[in-house]
Structures are given as structure tokens and as C-alpha cells.
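The values are calculated or read from the model by the stated rules, or taken from the named source; none is laboratory data. Quick caveat, the model's predicted, so the values are computed rather than measured. Protein only, heavy atoms only, side chains kept; ligands, DNA and RNA dropped before computing areas. Shrake-Rupley method; radii C 1.70, N 1.55, O 1.52, S 1.80 Å.
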Amino acid sequence: MRLVYAGRTPRPLAEALRAEGHEFVVAEVGSCPCSLPRGDLVLNCLGESEAVRARWLAEVCASQRRPYLGPSALALHLAGHRDAVRGIARLHGVPLPAGRRLAVGAPVPSPGFAAPWVVHPLIGPEGTRLLWNRRELAAEVERLHGLGVDAVLEQAPLGRHLVVALLGGRALPVLERTGRIPTPRPVALHPVLAGRLGRYALAMAWALGLGPLSVIEFTWDGLGEPRLRAVRALPAPDDPEGPHAVAASAAGLSFARLWQTALTLVQMPDHDPATHRSEPSSVATENERGGAGSAAARP
């Protein structure tokens, strides 16, 4: 198969897929559809900082009916809209942090839930600054509104940062991000909690049409329900040290086998070329099986 790759770290993936017998061509994603080389399948591995190009690539592949592995243009739009993500999560029973929308020009209301808070632009990068009192909150909202940006106020995600990498309709073993270490690591969770995380992640990915390789992140305080933290429609699955590679290794899959499975998924009869998604599998997730990343240790 001749694979056309759009991303920033082609070498590890090229080596893995060429070893599987595929031809690998790197595409420069510019502003002209004709710049895409011919091939049997286009791989969208652009990162979150290149969301505009990634959406353009998805639109071009859809308009030209080119076989494509990645999130649809609609999925990229929805995943980048915080109100849409929250609405879809509520519709599918995925727990959320307390939050409310703040419209431009409206006075800053009483949050109605405990500090710390974080204010995110409605569309755009996540907010990261923790706000501990009403004065800080008002200043941050005023800054965003001065830019003409609607915002969403949420209770800050305090607790364990848990990461679920998805491979089609399969949730791979749960990972955890700790401290300043950028690479998440497998974590031992009780199978009930890990299975719940997998089901929530699959529900969000299916509803948004994220494609076979996506990442959903949660916060868990160790007591209640895990709460949705972030949807990663562009998680850089070509990174050999990223969430997909680490979770696949915990599930006993090599980097090459991970990608060969993803390539197989987009060619299956139940794969929808309009949304680039497949029906979630009814088979238990790796987490419910008590896989390598989800040993039956009590949380």
C-alpha cells in the first residue's frame, strides 16, 4: 500500500510501516490540494498546533474521495469547541467538571462552585492558569472579553491526570501523566474504574467521529467519578513515545502492529468514510480484561 503521510515526525513511522511492506511518502501540507502526492491512503498525523491544516487536509480528502486515516473536518471543528464537547458529554452520560459559559459583555457571575477555577476560550487553546478568587477570575474574563472571545468557566482539574488512547472501537490500557514528565505511563487501576474510563472515552470518540486513533483525557480525585478533562482529536499518534505507542506496548502491541491495525480498521466494511469512524466494538476493553496497564490493584 502506498501511504501519504502528513505530519512532523515521519521517520519512526516510515521505518515501522516500510517493515510491514508499505510504501511511505511524506506530503508537504500547503494551501493547494494538488500538493498531495498520489497514494492509496492519506495519514493525518498533524498535531494540535496545526489544527487548521489538519482540518484542511480532512476537507480535501473528503472532497476528492481519497481514502483517509484521521479525524473528519467536522470532528476537528467539534473537538475544538468547548461548548459542543460539553454538550456531547452530557448527552452520552460522561461526567464533566462543574462549569458555565461566559458570553462577551455579560457580567462575571458567581461561579456557584468551589475554587480553583480555570477559564478556557470557547474555541481555541485550553486555559491553564488557576484562579483562586473572584478578583483573579474577573481579570481573566475581562482579558478574554477584551479580545472579543466567549469563554467557559470550569472548576480546575485537580487530581490524577488519566489518559485513554483509542484504537478504533478498542480502549487501550489507561495511562497517567504525572508532574512535568511529558510521556504518560501505564497505571494500575481497579478494572471497574479502568473499564468505566474506556467506555466514556469510546462514547466521546464515537459521538465526535474522531477516527481510529484519538485520545481522551480525564481527571480523577480518587473518590468520585472520573471527569472529562480534554478531547485530543490530533494526538500525534506517529510519536513513538506518545500515548498510543505507550498504551499499545502495555497491551502487547508493537508500534508497527498498532499502525497496521489502524490501517486495517479504515478499510473495514463498517468504517464510515463520511465521518471516518467505525462502530465501537462490543468486546471488553483492555482495561476491563485487567491488561498490562490496568492491573487489579485497588485505587
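Summary table below
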| read-out | value |
| --- | --- |
| Accessible surface of F255 - all protein chains present, 1.4 Å probe, nearest 10 Å² | 40 Å² |
| For the chain, convex hull volume per residue from C-alpha positions, Å³ | 131 Å³ |
| Computed Kirkwood radius, in angstrom, where 1/r is averaged over Cα pairs of the range 112-269 | 17.0 Å |
| Among beta bridges that DSSP assigns inside the chain, antiparallel share in %, nearest 5 | 75 percent |
| Integer Hz, Karplus 6.51/-1.76/1.60 couplings in order for the range 61-66, x for Gly and Pro | 5, 5, 5, 8, 6, 8 |
| Computed log₁₀ I(q)/I(0) - Debye formula, equal Cα scatterers, no solvent, the range 76-167, q 0.18, 0.19 Å⁻¹ | -0.85, -0.94 |
| Bridge type composition, the range 1-142 - antiparallel percent by DSSP, nearest 5 | 15 percent |
| Rh by Kirkwood over Cα pairs, then Stokes-Einstein D for the range 1-160 at 1.002 mPa s and 20 °C, µm²/s | 117 µm²/s |
| Helix 255-265 axis, angle to the chain major axis (alpha carbon atoms, nearest 10°) | 90 degrees |
| Estimated D of the range 183-227 in µm² per second, where Rh is the Kirkwood radius over Cα pairs and Stokes-Einstein applies at 20 °C, 1.002 mPa s | 183 µm²/s |
| Estimated D of the range 89-138 in µm² per second, where Rh is the Kirkwood radius over Cα pairs and Stokes-Einstein applies at 20 °C, 1.002 mPa s | 172 µm²/s |
| Acute angle (nearest 10 degrees) that the helix 134-146 long axis makes with the longest principal axis of the chain, alpha-carbon atoms | 50 degrees |
